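Working notes for the structure below.
Laboratory data are not the source of any read-out in this text; all were calculated from the coordinates shown. In this text the structure is predicted, and so the values were computed from the model without any measurement. Here the Cβ positions follow ideal geometry from the backbone for every residue, glycine too, while neighbour counts run over all protein chains shown.
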Amino acid sequence: MKNEDISRYWKRIINTMNDGLMLISAEGTILMVNKSFERLTGYSAEEAIGQPCTLLACDACEQTLQNRPGDWCKLFLPNHPDMRRCRCGIVRKDGTCLAALKNASVLRDDDGTVLGAVETITDISEIDRLDQQVELLSRQLSDYREYHGIIGTSPAIRKVFQVVEKAAQSNAPVIISGESGTGKELVARAIHERGQRKSGPYVQLNCAALNAALLESELFGHIKGAFTGAYRHRKGRFEAADGGSIFLDEIGDIPLSVQVKLLRVLENKQIERVGDHRSVDVDVRIISATHQNLVNLIEQQQFREDLYFRINVIPIRIPPLRERKEDIPLLVNSFVQRLQARTGKAITGLTPEALQHFMDYAWPGNIRELKSALEYAFVIAEKGKIDIAHLPHPVAETSAMGGARTGGRDGSREKQALIAALRETHGNQTQAARLLGINRVTVWNRMRKYGIDIQTVVAG
């Protein structure tokens with residue numbers, strides 16, 4: 001395009017802009033506007049041209065007038081930059097306010113004499129709305145008192161936060177006790193992240209998921225040819241955690257044969273790979289966790305007493321959800337917001353009746369079960385509020401059982417919840433575990449513990 005063509009079509013060019021544009025004189029009179037100006041402000045060109053630029057009642061201009069009543073526009077002050085950018089609000093013809101970004105530039109002739117100015121108006125109302133939404137969500141999240149992913153304000157959980165802070169300043173072994181689903185892994189990670197080893201590796205292993213042979217190999221590694229299938233040397237979790245922390249979840253399930261070797265690590269800070277007799281030095285802080293009563297296991301000769309004293313230097317107990325029910329609304333709000341973002345569903349929370357159900361329920365699977373219940377509800381519900389009808393069967397059924405909701409021994413509640421989950425899933429242990437918020441191994445252990453027969457449960 002040639003210069004003469006630009007001169008010929010400049011009005012058409014500026015009318016293709018998405019931003020509003022107005023040309024004003026040095027006295028502040030509107031000389032010209034484009035089509036986007038008309039669309040954004042509601043004023044036609046005929047209505048705007050000849051009017052003072054204060055027609056838009058820009059709050060930034062109003063502030064200037066209040067500060068310097070003798071100067072109608074700060075842009076034209078001596079020694080002021082020829083360009084100005086500000087975020088402001090302008091008033092449309094219909095009286096509504098438009099959040100806008102204004103860019104103004106002074107126009108001068110060849111001698112430097114001010115001829116006027118050109119201003120562009122960008123609609124940022126959507127950006128403004130999103131900023132307000134982000135601010136609201138940030139405010140809501142800050143109210144949760146989230147501590148390394150652990151949400152709660154109850155005295156019980158605050159006590160845990162205090163102990164974690166003290167434990168983090170030490171390198172002594174820590175053992176975290178608590179029921180399945182209470183958040184032991186989060187506490188372990190918090191200890192590492194708050195401690196002196198936070199720059200080192202953090203390695204974790206669920207000891208209940210492996211048999212003795214595999215567990216030993218996972219913990220200490222093996223050399224080539226140590227057993228069938230050992231085609232190469234392999235480092236274990238302890239070597240991988242050197243200089244950092246290792247989290248041994250469900251340490252109560254470690255076989256006695258492996259407990260002996262773990263005790264050796266704690267005493268000598270050395271490991272031996274499977275199939276190797278050479279020792280390897282490791283500098284690792286051990287953080288362990290269990291949902292079992294280790295003292296009872298010692299009496300049953302299933303756990304070594306000397307190992308227990310080695311790992312039980314700093315004990316931390318995580319309270320079950322039924323002991324910190326005042327945290328349930330915070331947990332629900334947090335999980336609902338995360339599920340909203342993940343699913344895109346317009347679900348805003350729980351009805352008062354559903355929330356009361358959540359408050360009354362015993363939650364044998366604790367926070368993990370609560371999260372699973374909400375995930376289930378998000379599948380069933382379409383939009384709006386989650387109601388009782390959207391809750392998974394174990395929660396809804398048990399909540400309707402009167403005294404069984406909060407009364408009775410923990411074991412009784414645990415057993416009844418497991419039976420309800422197995423009935424709901426027609427005996428599928430994996431699906432039952434998902435409903436309860438626990439792993440399949442825990443389901444199998446509880447079935448054995450309570451003598452639950454799948455065929456009898458499904459038939460009943």
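Annotations for the structure displayed:
- Seen through its C-alpha gyration tensor, with square-root eigenvalues sorted a ≥ b ≥ c, region 155-319 comes out prolate because a/c lies at 1.5 or above while a/b is bigger than b/c.
- Remark: spin-label model distance T343-E47 equals 4.6 nm, labels positioned 7 Å along the Cα→Cβ axis.
- Those residues of region 257-295 whose amide nitrogen sits under 11 Å from the label point placed on N312, 7 Å along Cα→Cβ: 293-295
- Spacing of the modelled spin labels on I127 and A459, each 7 Å from Cα toward Cβ, amounts to 7.0 nm.
- Neighbourhood net charge (9 Å Cβ-Cβ; Lys/Arg +1, Asp/Glu -1) for P173: +2
- Neighbour-limited loop hits for trypsin sites (Lys or Arg not before Pro), region 89-120 (at most 11 other Cβ within 10 Å; DSSP other than H, G, I, E, B): none
- Cleavage-rule hits, chymotrypsin sites (Phe, Trp or Tyr not before Pro), region 211-312, DSSP coil, Cβ neighbours within 10 Å at most 14: F227, Y231
- Computed lengthening from K11 to R108, 0.36 nm per intervening residue step minus Cα-Cα distance: 32.9 nm
- Calculated FRET efficiency for the pair H233/H393, C-beta based, R₀ 30 Å, to 0.05: 0.05
- Pairs from K159/K449; K93/K345; K184/K224; K325/K383; K184/K235 whose Cα-Cα separation, in the structure shown, is over 29 Å: K159/K449; K93/K345; K184/K224
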